[in-house]
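Reading through the structure tokens given below for one structure.
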Amino acid sequence: MKKKKIAIVATGGTIAGSGAAGKTTNYEAGTISVDEVLASIPDIRDRVEIVLDNLFSVDSNEIDDQRWLILAEHINKLADQQDIDGIVVTHGTDTMEETSYFLNLTVNTLKPVVLTGAMRPATATSADGPFNLYQAICLACHGESYNRGVLALFSNTIYSGRDIEKVNNFKIDAFDQRSLGCLGYMQDQEVYFYTQTSKIHTIKSRFNKRIDSIKSVAIAFYYSGADAKILYDLASDHEGIVIAGSGSGNYSQAWLKAIEELSEKGTIFVRSSRISQGIVFDDEIFDPHHLCISSNTLSPQKARVLLMLALTQTHDRDEIREIFLQY
Ligand code: SIN
């Protein structure tokens, strides 16, 4: 049988990190080539044709909107090549959830696009990178991975790019998708899908045409007694603000007053929650004039990604509200 051809786009992260031999701490992310990680996967090049692009070599905290745009364009160009069957992106785990959602909204292909990474550097005893990369390559080769939106693979588990969140900053099994579950599992190279997202992605996304820049959106974290001045400061140089509210997206009366005044002047607000489980719906008490858009199941950092893209097309609150329901 003809070998599948997979493009690996390396961006850095712990999977390409190195430090003291055997140790899991005090290492530098994004310092070695993913070629070295590939070399530790037995026979992989005999089974799959691999083309490797070292696009960035950075800690994922250096991935910003400019790098998102470069990465999305790069993936779209690779996906346009007929002989490429799928794409794997190696990425730091810290901001993988934001990049995966951005790509889920901006990549225009049915072909599998799978993000993966590692919690332990390549030089650690029992590094997790080679196994995650191996499974990500197998997932990208798999026929059932087509048209599922951008995927992420970590520790035998298949996640959707929309919903994956980093939930543990210490353990190998560092990701989850709230109570929405995962899309499926892998055992070695075997792929088992169980569910799929009903939200719009990739080829049906209204954001999948070439974008030159995205809009500036900030996140304001609410805490007991938080001064509303932060909202006025942020509104001076951001078109949108995502509130990471308490409970179900809540805040004080002083914040409500600031939101009302700033909305009047054109700032677009999204209400999300600092709580990592649950959902934010519209609320008559905290938003009596329906000025805010509810983030639904999106975390503040994911809601920010969607608002940055939505604002490239519209400032109409009702249209953005609809986008938040659909995506
Ligand atoms: C990073 O996000 O680049 C560093 C942390 C990691 O990859 O686990």
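The values are calculated or read from the model by the stated rules, or taken from the named source; none is laboratory data. Predicted model, so just to flag it, every value in this text is computed and none were measured. Virtual Cβ from ideal backbone geometry, glycine too; neighbours counted across all protein chains shown. In case anyone asks, the SASA skips ligands and DNA or RNA and just uses the protein heavy atoms, side chains included. Shrake-Rupley method; radii C 1.70, N 1.55, O 1.52, S 1.80 Å.
What the table shows:
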{"quantity": "Output for segment 217-272, where each listed residue is of a type in the set (Val, Ile, Thr), open to solvent by 10 Å² or more (accessible area, probe 1.4 Å) and out of contact with any helix residue (DSSP H, G or I) (no Cβ under 6 Å at 6 or more places or on another chain)", "calculated": "Ile230"}
{"quantity": "Qualifying residue in segment 9-22 (condition: open to solvent by 30 Å² or more (accessible area, probe 1.4 Å), away from the ligand (no atom under 13 Å from the Cβ) and either among the charged types (D, E, K, R) or in contact with a helix residue (DSSP H, G or I) (Cβ under 8 Å, 6 or more places away or on another chain) (or both))", "calculated": "no"}
{"quantity": "Residue check for Gly86: surrounded by 23 or more Cβ atoms within 10 Å (Cβ to Cβ) and either within 15 Å of the ligand (Cβ to nearest atom) or within 17 Å of the chain's Cα centre (by Cα) (or both)", "calculated": "no"}
{"quantity": "Tally of residues being outside any helix (DSSP H, G or I) and under 18 Å from Asn104 (Cα atoms) across segment 301-327", "calculated": "4"}
{"quantity": "Conditions (1) within 16 Å of the ligand (Cβ to nearest atom); (2) touching a residue at least 60 places away in the same chain (Cβ under 8 Å); (3) open to solvent by 10 Å² or more (accessible area, probe 1.4 Å); (4) part of a loop (DSSP other than H, G, I, E, B); number of the one not met by Leu110", "calculated": "(1)"}
{"quantity": "Out of Glu284, Glu319, sole residue that is free of Cβ contacts under 8 Å to residues at least 12 places away in the same chain, open to solvent by 40 Å² or more (accessible area, probe 1.4 Å) and either in contact with a helix residue (DSSP H, G or I) (Cβ under 7 Å, 6 or more places away or on another chain) or within 25 Å of Asn208 (Cα to Cα) (or both)", "calculated": "Glu319"}
{"quantity": "Yes/no for Ser57 being away from the ligand (no atom under 16 Å from the Cβ), open to solvent by 30 Å² or more (accessible area, probe 1.4 Å) and out of contact with any Leu (no Cβ under 8 Å at 6 or more places or on another chain)", "calculated": "no"}
{"quantity": "Some residue of segment 166-178 being of a type in the set (S, T, N, Q), touching a residue at least 24 places away in the same chain (Cβ under 8 Å) and either exposed (fewer than 15 other Cβ atoms within 10 Å of the Cβ) or not in a loop (DSSP other than H, G, I, E, B) (or both)", "calculated": "no"}
{"quantity": "Tally, over segment 38-52, of residues that are over 21 Å from Ala127 (Cα atoms) and open to solvent by less than 50 Å² (accessible area, probe 1.4 Å)", "calculated": "2"}
{"quantity": "Segment 179-194, subset without any contact (Cβ under 8 Å) to a residue 40 or more places away in the chain and hydroxyl-bearing (Ser, Thr, Tyr), residue surrounded by the most Cβ atoms within 10 Å (Cβ to Cβ)", "calculated": "Tyr185"}
